[in-house]
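One structure is given below, encoded as structure tokens.
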Amino acid sequence: MNSLYLKRLIVGLVGLGLLVPAGLVFRHFQVDLARARQRIAGGGKVIQTDCGPIQYTEFGTGAPMLMIHGAGGGYDQGETFARLIGGNYHWIIPSRFGFLDTPAPQDATSEMQADAHACLLDALGIDRVGVVGASGGGPSALLFARRYPQRAQSLVMIAAVSHSMPVRPAAVRALFNAFTNDFVFWSLIHTNREGLLAALGVPAEDQKALSARELSDAFAFIDTILPMSDRKAGQELEQQMSEYDAQQIRHIETPTLVVHARNDALVAFDQGEFTAQMVPGAEFIPLDKGGHLALMFESNADALNKVRQFVEAHSP
């Protein structure tokens with residue numbers, strides 16, 4: 001993220017206080033936050049597993065598919081991407097460590113998270129699944145395929161982390177820490193959605209090319225990240241969850257498809273390249289535009305269809 005985006009976000013926050021009385025603003029915030037909490041409380045459930053309690057949701061019938069969400073997520077974000085892919089599948093979508101109602105174990109690692117995915121499937125009586133890893137869900141998706149090759153029928157990596165993320169500069173870390181405050185995040189939603197969308201990986205020039213419907217859908221996706229405070233513990237883990245021995249993914253046997261945009265401003269393109277180069281036989285679909293949410297946009301409809309075809313081809 002460049003300094004221009006940072007300045008615009010700060011200006012947006014200041015502007016909010018100048019536009020309307022503080023009391024009305026805070027009341028509006030409280031109403032929206034309550035609605036967001038009601039939404040997430042109504043969609044997920046917690047199951048006890050051998051790896052501890054795990055929150056998840058599920059829908060659909062057919063071949064089982066495990067959807068592993070990204071940063072800023074939870075089961076609800078995973079459900080958005082599962083519905084984007086669609087198909088006649090039984091989608092199982094956990095909240096990763098520290099997100100929503102899945103607690104984070106002490107000294108959490110992506111190896112532990114991959115094992116927790118297996119524990120969830122055990123608790124649900126599910127043997128084999130197709131796996132989709134998005135964004136920060138990439139490391140545990142890769143490690144699930146590596147550690148449980150007999151259980152992973154296919155692996156799709158969407159704008160996904162594959163190896164250690166570079167440490168963010170102090171100013172950017174401070175900004176992302178501010179995002180975990182519900183009022184700050186809500187304020188940005190209402191004052192500078194374009195800047196917030198850019199901060200979440202969709203470049204401003206790409207936003208200008210989107211249709212009104214596409215832009216509305218992208219903004220609606222941002223809205224679902226509230227309450228951010230319920231995702232804070234998971235957000236704070238993302239750097240260390242990316243720090244694992246990535247060389248081991250050379251031994252993945254699962255059929256793998258990688259999709260990543262060259263201009264992804266949140267998870268760099270080289271993360272996708274690394275997966276495609278390291279996993280034997282992996283297919284790679286590089287995209288030119290769309291940033292971190294590229295598959296949500298009509299310009300990349302062909303790539304989304306290829307994802308659907310890949311998943312279907314490797315389903316029982």
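The values are calculated or read from the model by the stated rules, or taken from the named source; none is laboratory data. Being a predicted model, the structure only gives us computed values, none of them experimental. As a convention, Cβ positions derive from the backbone with ideal geometry for all residues, glycine included, and neighbour counts pool all protein chains shown.
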*asked:* Can you tell me which residue is surrounded by the fewest Cβ atoms within 10 Å (Cβ to Cβ) among those in segment 39-61 that are among the polar types (S, T, N, Q) and within 21 Å of the chain's Cα centre (by Cα)?
replied: T57
_Contacts under 6 angstrom Cβ, first residue in segment 48-72 being over 17 Å from A141 (Cβ atoms), partner in a loop (DSSP other than H, G, I, E, B) and aliphatic (A, V, I, L, M), 6 or more apart_ = Q55/L100
*asked:* For segment 85-100, which positions are within 22 Å of G60 (Cα to Cα) and in a loop (DSSP other than H, G, I, E, B)?
replied: G86, G87, N88, S95, R96
*For segment 242-260, indicate whether the set of residues that are among the acidic types (D, E) and in a helix (DSSP H, G or I) is non-empty.*
no
*Any residue at all in segment 63-83 that is among the hydrophobic types (A, V, I, L, M, F, W, C), at pLDDT below 95 and outside any helix (DSSP H, G or I)?*
yes
*Report yes if A282 is closer than 30 Å to K208 by Cα and crowded, with 16+ Cβ neighbours inside 10 Å, otherwise no.*
no
*What are the residues in segment 101-114 that are in a loop (DSSP other than H, G, I, E, B), in contact (Cβ under 8 Å) with a residue 12 or more places away in the chain and either polar (S, T, N, Q) or out of contact with any helix residue (DSSP H, G or I) (no Cβ under 9 Å at 6 or more places or on another chain) (or both), if any?*
T102, T109
*If D264 passes every condition in (1) within 16 Å of G136 (Cβ to Cβ); (2) of a type in the set (D, E, K, R); (3) at pLDDT below 95 but one, which one does it miss?*
(3)
